[in-house]
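All remarks here apply to the structure that follows.
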Amino acid sequence: MEASRENMQERNAEMELKLKEEEEEEEEENELINDVEEDEDELEKDNEEDDDEEDEEEEEEEEEKELVLDLKLVRDCFTPGAEGEVPLAPYVKGFLELNKFIKMLGKLYHFVAYDVKVKTAVVQKKMARENGQHYVNLKSMIKYEMENSLLVQKSTSGTKAILLLHRGLEFTCEFLKEMMKEEEEPKLGEIASKIYLSTTGSYQATYLREPFSCVLKMLPTRATLRNRQRERRSWKRRC
């Protein structure tokens, strides 16, 4: 009887030991599975990040290819109508086209391109609203906003947005003329700074005018900018 009880205890101990070993093996398997799943998740995440980076690079490359300034389009957009009216739709389109040129100057000047984008968006939104019939041309817009006291409101009026864009246009026109010259002296940056101070800069506060006139002095050479434009035209033809 005593021997039988001892045998039973031994068998129970063996069973418990075996069960414990099986549980430990199962835990090890689960840990291994979890490790594999974590590795797979990490790999998938890395692949997604790589894909995102590739997509961003492709988008930047596509955007670079699109930065080809169409001077004929710009001229047509800024040409007044038969009766001297200035249609807003092509006028805004002309500024968006000029924005390609601003981006081409380099990342240092992208904040200018962003400012142009914001101001053109102001006019586009007003053209798309229910009262958009008043935003057909420059004259009708100014008349409508003056009659409705919209020029003194806190938010930017279409008239103010166009005025600020037009001040920038003075600088851009003179700058483009200088850029097309073959000689490299005086440096383009020095010329651009002087043009800015006599055009757009004359309307701005000193705390804006002085830093930006210095930033313009860091512009690339005429040859560099012309080469960038030629390269983009070449990319566009190949596409």
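One line per residue, one yes/no per condition, for (1) part of a helix (DSSP H, G or I); (2) within 20 Å of residue 85 (Cβ to Cβ); (3) not aliphatic (A, V, I, L, M):
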site: 110; (1), (2), (3): yes, no, yes
site: 116; (1), (2), (3): yes, no, no
site: 121; (1), (2), (3): yes, no, no
site: 141; (1), (2), (3): yes, yes, no
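Does the stretch 176-185 include one or more residues that are surrounded by fewer than 13 Cβ atoms within 10 Å (Cβ to Cβ), of a type outside the set (S, T, N, Q), over 24 Å from the mean Cα position of the chain (by Cα) and assigned to a helix (DSSP H, G or I)?
yes
Say we look at the stretch 106-125 and pick out the residues that are of a type in the set (A, V, I, L, M, F, W, C) and touching a helix residue (DSSP H, G or I) at 6+ places or on another chain (Cβ under 7 Å); which of these is modelled with the lowest pLDDT?
Per the stated criteria, the residue is 108.
Residue 159 - would you say it is of a type in the set (S, T, N, Q), assigned to a helix (DSSP H, G or I) and at pLDDT below 90?
no
Report, by residue number, each residue of the stretch 208-225 that is in a helix (DSSP H, G or I) and of a type in the set (A, V, I, L, M).
Of everything in the stretch 208-225, those that are in a helix (DSSP H, G or I) and of a type in the set (A, V, I, L, M) turn out to be 208, 215, 216, 223, 225.
Tell me yes or no: at least one residue of the stretch 76-86 is part of a helix (DSSP H, G or I) and hydroxyl-bearing (Ser, Thr, Tyr).
no
The values are calculated or read from the model by the stated rules, or taken from the named source; none is laboratory data. Predicted model, so just to flag it, every value in this text is computed and none were measured. Methodologically, a virtual Cβ is constructed for each residue, glycine included, from the backbone with ideal geometry; neighbour enumeration extends over all protein chains shown.
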